[in-house]
Protein chains: 2
Amino acid sequence: MTEFELIEKYFRRPASRAVLGGGDDCALVQIPATQNLAVTTDMLVEGRHFFAGADPYRLGWECLAVNLSDLAAMGATPRYFTLSFALPKADAAWLEPFSCGLFALADRHGVEIIGGDTTAGPLTISIAAMGEVPPLKALKRSGARVGDEVWVSHEIGGAALRLYACWGKTTIPEAHAEALKLRMEMPEPRIALGEFLRDFAHAAIDISDGLCGDMAHILRASNVGAQIHLSAIPVPNSLHEKLLGVEREMAVKLTLSGGDDYELCFTAPPSAHGAIAAKLAALGLRGGVIGHIVAEPGLQAFDERGVALSLPQSFDHFRG
Amino acid sequence: MTEFELIEKYFRRPASRAVLGGGDDCALVQIPATQNLAVTTDMLVEGRHFFAGADPYRLGWECLAVNLSDLAAMGATPRYFTLSFALPKADAAWLEPFSCGLFALADRHGVEIIGGDTTAGPLTISIAAMGEVPPLKALKRSGARVGDEVWVSHEIGGAALRLYACWGKTTIPEAHAEALKLRMEMPEPRIALGEFLRDFAHAAIDISDGLCGDMAHILRASNVGAQIHLSAIPVPNSLHEKLLGVEREMAVKLTLSGGDDYELCFTAPPSAHGAIAAKLAALGLRGGVIGHIVAEPGLQAFDERGVALSLPQSFDHFRG
């Protein structure tokens, strides 16, 4: 199969919202004057972001999900994306499920592919995603204010726990393993929540590199600090059990700095508490307030007895 | 150096046109209601699109140039781009010249970086570029009409000749070698020409995979055919000499199907001939008419004696 036939078969779709879809030198879209265009990009590399031999359906989902998660963290409504990837060979048995996973998520959020590029090379996937958000409503990292409550949208730490189990560093009961695998491989971008938060939150970020590391971006950008409480952080049952057991040290680390859950961390005034709690419940999310914003810079985390925890480094692609 | 420090040092620039530049979950831009947004993406892989050990300054230039060339072929004015790349290690001796080459071209065309992603991995660079073009003025591939003249913006075949010399398949006189190396490694996206052609051309494409292969895209999309003449195709002197000598067969192939020159191929009515010729001259480009559009589908190329040439396959990343 040639490069063109490959694109045509698995990735070409008729334009619906776009003025001109894929298949020309560029796609053309019209952005309403009442909206800002939000743009983000993420690259996933085999052996770094996913295992060699990863399920292609889930991989297709994941590589779009991490981009949509950035749009969600901005409060943007996803509209378009481009897909570039290098792959060792044009293999229908891989491309077909990959494209199905990709478009399953794309269709769920009404986001449209408008172009791409394929080439031979080590498996690498790069997506640029675009969304719309009303001017002045975008959830920047720099908007946190002293007195804000700090929220997490849903349980975190599960993806990292699953990774630890894959590495043989811990074990997970059979009953929890598949659910955590789904968490890791098919994260749910919190689009509806992000759109809702435009009118309530002051700042937001998606937790890709770990809670503490990503919160630190909000704190630095907003020139504030935060105090959070370990016991308030929502975690999956399997991780909660480990927080109470002999693997507590590892479990604390996974809770505070485990990445890849793609939940939102956001800050909002206490006056918005009721509305946000109701929305989380309506969306079936087990998120909640984990602490609050303070004037003194830096992040402090406390355990169940109020003792300060030492904070782990977040993941770095050139160190991790 | 951490991933964040790396981005900060070499790729973070203050927003100028953008509402919000890099450093948040997304960038934010405002697209005027009077414009369509044109979007394109290209990925370059070491060992496939460039040699291992390629000059990083030129590589930075090239990876943006191939994207801007797509915008030029659409008649769009470049505005923004995102940059994602995997690289084996965070090496300042590579990153510094790479970013300088990238921004040298970006600054020349007033195009602004608005985000990106870096990760460890085999050297792979992916850019998504965005530009603006007035609705209905975009130069699609599908607009060619019977009777149109077929133009090439400037000499082609030089990049492929240089590549053949690198592979030891031919030799180039010392006096021409560096100029051809520049052609290959630092192509000039024909932005000003593309903007001009909005008002004159019916269809356009940039020649990345070779003249015949790329022309075929226009012909298929427009449901027309074309006749072109080898002797009318502008080529560099070094290639012209080979067309007259013992390496003629190779030279014909490079002229008709050599890629990577990133010149524009476009079609326009004869009534626009004078204006286009004058613009090419004003831009210092040695382009011209190489043939015309006919009703019968397919591409025919003729040699100096009017004999039909057999047309080579264009490059395919999964075969080439």
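List of remarks:
- Farthest towards the positive end of the charge dipole of the protein assembly as shown, among the residues A:P32, A:L280, B:V39, is the Cα of A:P32, using unit charges on the Cβ of Lys, Arg, Asp and Glu.
- As a length-normalised measure over Cα pairs under 8 Å and 6 or more apart, the relative contact order of region A:1-118 settles at 36 percent.
- Shape category assigned to region A:116-212 from the gyration tensor of Cα positions, a/c cut at 1.5: oblate
- Which of B:I31, B:I293 has the fewest Cβ neighbours within 10 Å, and the rest in rising order: B:I31, B:I293
- For the segment B:134-142, counting C-beta atoms of other chains within 10 Å of every residue's C-beta and taking the mean gives 3.
- The alpha carbon gyration tensor of region B:34-178 gives principal lengths a ≥ b ≥ c with a/c of 1.5 or higher and a/b no greater than b/c, which makes the shape oblate.
- Beta bridges by DSSP in chain A, antiparallel share as percent, to the nearest 5: 75
- Given +1 at the Cβ of Lys and Arg, -1 at the Cβ of Asp and Glu and no other charges, the dipole of region B:114-231 around its Cα centre is 320 debye to the nearest 20.
- The chymotrypsin sites (Phe, Trp or Tyr not before Pro) of region A:26-88 that DSSP puts in a loop, and whose beta carbon has at most 16 other beta carbons within 10 Å, are A:F51.
- GNM result for chain A, Cα springs below 10 Å: residue of A:V29, A:V152, A:V246 fluctuating most strongly: A:V246
- When the listed pairs A:K253/B:K89; B:K181/B:K253; A:K181/A:K279; A:K89/B:K242 are checked against a 30 Å cut-off, the alpha-carbon distance exceeds it for A:K89/B:K242.
- Net dipole in debye of chain B [+1 Lys, Arg Cβ; -1 Asp, Glu Cβ; about Cα centre; nearest 20]: 560
- Taking label positions 7 Å along the Cα-Cβ direction at both B:S142 and A:V19, the computed distance is 1.4 nm, reported to one decimal.
- Under the combined filter of DSSP loop state and at most 12 neighbouring Cβ atoms within 10 Å, region B:143-242 retains these trypsin sites (Lys or Arg not before Pro): B:K169.
- Note on chain B: with a GNM built from Cα contacts shorter than 10 Å, the maximum mean-square fluctuation among B:H49, B:H154, B:H273 falls on B:H49.
- Residues B:M184, B:M250, sorted so that the one with the fewest Cβ neighbours within 10 Å comes first: B:M250, B:M184
- Between region B:143-217 and region A:211-268, the C-alpha centres lie 53 angstrom from each other.
- Distances between copies of B:R17, taken at a point 7 Å out from Cα along the Cα→Cβ vector and listed shortest first: 2.2 nm.
- Between region A:51-77 and region B:28-103, the alpha-carbon center distance in angstrom: 23
- For chain A, built as a Gaussian network whose Cα springs stay under 10 Å, the top-fluctuating residue of A:L230, A:L59, A:L283: A:L283
- Computed label-point distance, nm, for sites A:V307 and B:S271 using a 7 Å Cα→Cβ extension: 8.6
- Teacher prompt: B:F302 distances to equivalent labels in other copies, 7 Å Cα→Cβ, nm: 8.8
- Beta bridge orientation in region B:172-320: antiparallel %, DSSP, nearest 5: 65
- Note on the protein assembly as shown: with charges restricted to the Cβ of Lys and Arg (+1) and Asp and Glu (-1), its dipole about the Cα centre is near 640 debye.
- Across the identical copies, how the A:G245 labels are spaced - nm, sorted shortest first, 7 Å along Cα→Cβ: 7.7
No lab work stands behind these numbers, since they all come straight from the coordinates. This one's a predicted model, so the numbers in the text were calculated from it and none came from an experiment. Here Cβ is always computed from backbone atoms with ideal geometry, including for glycine, and neighbour counts include all displayed protein chains.
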